[in-house]
Amino acid sequence: MVSRVGLTGKFGTFALMAGAVLALPEQADAVNLNTSGTVCNPYNVGEANDIDYVVNGVRTGVNVASGRTVICAVPRPPQSTPQQFFVDGANSVGRSTSGTLYAYDFNGTFQSSQNFSSSAATYDILLTLNPVGSWSYVSTLVSLPASAGGVFFGTIALQ
Amino acid sequence: MKARAGYAFVGLGLLAATSIVVFRRPEAKAPVSAAVRPELPASDGHGQDRQLAHLRAEVTSLKGQLVAIRTGLDDRVVQAKHPEPIVEDPSSDSAAAPTPEESRAQSALEWREHMERVAAAFVEEPVDRSWSKEKHEFLESRLRNDPVLNAAASGLECRSSTCRVELTGDPIDVNKQLPMFVHSLGETLPRAEAERIDQPDGQVTMVVYVKEHQTEPDEF
């Protein structure tokens, strides 16, 4: 005869083991790195006051009459190539945003790049750098439309 | 009569002795583990002496085991305080893992090999005269917009989907202007890859391949 306490104890042990198994973390290598456009900096230092940072990214100031360029760091998981990225943003009607994704080696030498451009209300563009070494740096140069005509949301490094 | 009484007395004595042996309660024993539980001999006339001898043998054996355990623990303490140098097995994974410097050198080598393949593919690419002329003029116009790179341009050749631009000059100047040059190519020639060649005079030649179309990653 199995006592009630014994049954409860066995069930409790089983529940604990099942919980522990279910609570195990998933494979830790499928990680994207999303970097907001708020990390961008003015490409030309003299234009620093023309750049406006908002909660969802970066844009030109409302009173800035012409386009401005920003450069944005792109943290990424160092993985084998090719590596893909998404650039995301939004444009006002009749405005467009263009940019370039760059890879530089650890000696500061240009390796590869890919350009993008969009006049869509919102854009979500997939770019590929091939190859990009695990020791390379990646950055995004973005030409923003004038007068707060577009917001660059940021870059996502896929893995 | 006297002899009968003697036999009776002896018989009663034997009966009493037998009763004591048969009905004696066993002594309470401390529990012992199965591993060290001695196999006690059955009680007989010399039972207590044999039990005592057996228990003495067990105690002696346990003392020996205790000494062995202590010796092992002492050895471990000494080993922990004075660890022996680890001799790596060359066939193990840890020995095969590259150092950061080796990994960087390997990465640079892979890039050079990749660019060799890109250069070879460009040489084999057929020439589309119309496309080549159009893109040649486009690139010349972009280079004219940048006095530094226009002066550094030492070669320009277009084929059917790829153009090769050679820029030779001061490394700082070329590296500073190159990103804006490829950015200026926009959607016309949106992809670029470059190989750096250091010249003996300190200058650098950047051989830049710019390409029109999106292709499979392995091809470019």
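The values are calculated or read from the model by the stated rules, or taken from the named source; none is laboratory data. Here the structure is a predicted model, which means the values were calculated and not measured. Ideal geometry is used to build each Cβ from the backbone, glycine not excepted, and the neighbour counts take in all protein chains shown.
What about B:R117, is it in contact (Cβ under 8 Å) with a residue 60 or more places away in the chain and under 16 Å from B:A194 (Cβ atoms)?
Here the answer is no, as B:R117 does not meet what is asked.
State which residue is nearest to the chain's Cα centre (by Cα) when the search covers only the stretch B:180-195 and only residues that are more than 7 Å from chain A (Cβ to nearest Cβ) and more than 17 Å from B:E134 (Cβ to Cβ).
Of everything passing the filter in the stretch B:180-195, B:E195 is nearest to the chain's Cα centre (by Cα).
When only residues in the stretch B:192-219 that are at pLDDT 95 or above and hydroxyl-bearing (S, T, Y) count, which is surrounded by the fewest Cβ atoms within 10 Å (Cβ to Cβ)?
Among them, the one singled out is B:T205.
Taking the stated definitions as given, is A:G108 touching a helix residue (DSSP H, G or I) at 6+ places or on another chain (Cβ under 9 Å) and either more than 10 Å from chain B (Cβ to nearest Cβ) or surrounded by 19 or more Cβ atoms within 10 Å (Cβ to Cβ) (or both)?
Here the answer is no, as A:G108 does not meet what is asked.
Considering each of A:L101, A:L158, A:L126, A:L141 in turn, give the residue that is within 14 Å of chain B (Cβ to nearest Cβ), out of contact with any helix residue (DSSP H, G or I) (no Cβ under 8 Å at 6 or more places or on another chain) and under 14 Å from A:G37 (Cα atoms).
A:L101
Select, from A:F116, A:F85, the only residue that is surrounded by 23 or more Cβ atoms within 10 Å (Cβ to Cβ), closer than 21 Å to B:Y209 by Cβ, within 14 Å of chain B (Cβ to nearest Cβ) and of a type in the set (F, W, Y).
Among A:F116, A:F85, only A:F85 is surrounded by 23 or more Cβ atoms within 10 Å (Cβ to Cβ), closer than 21 Å to B:Y209 by Cβ, within 14 Å of chain B (Cβ to nearest Cβ) and of a type in the set (F, W, Y).
Being more than 9 Å from chain A (Cβ to nearest Cβ) and not aliphatic (A, V, I, L, M) is the filter here; which residues of the stretch B:196-210 pass it?
Hits for the stretch B:196-210 are B:D198, B:Q199, B:P200, B:D201, B:G202, B:Q203, B:T205, B:Y209.
Any idea how many residues of the stretch B:137-166 are over 48 Å from the mean Cα position of the chain (by Cα) and within 13 Å of B:Y209 (Cβ to Cβ)?
1
Restricting to the stretch A:56-72, and then to whatever is more than 14 Å from chain B (Cβ to nearest Cβ) and among the small types (G, A, S), can you tell me which residue is nearest to A:F153 (Cα to Cα)?
The extreme case among them is A:G57.
Given the condition under 17 Å from A:P75 (Cα atoms) and charged (D, E, K, R), answer yes or no: does some residue in the stretch A:118-136 qualify?
no
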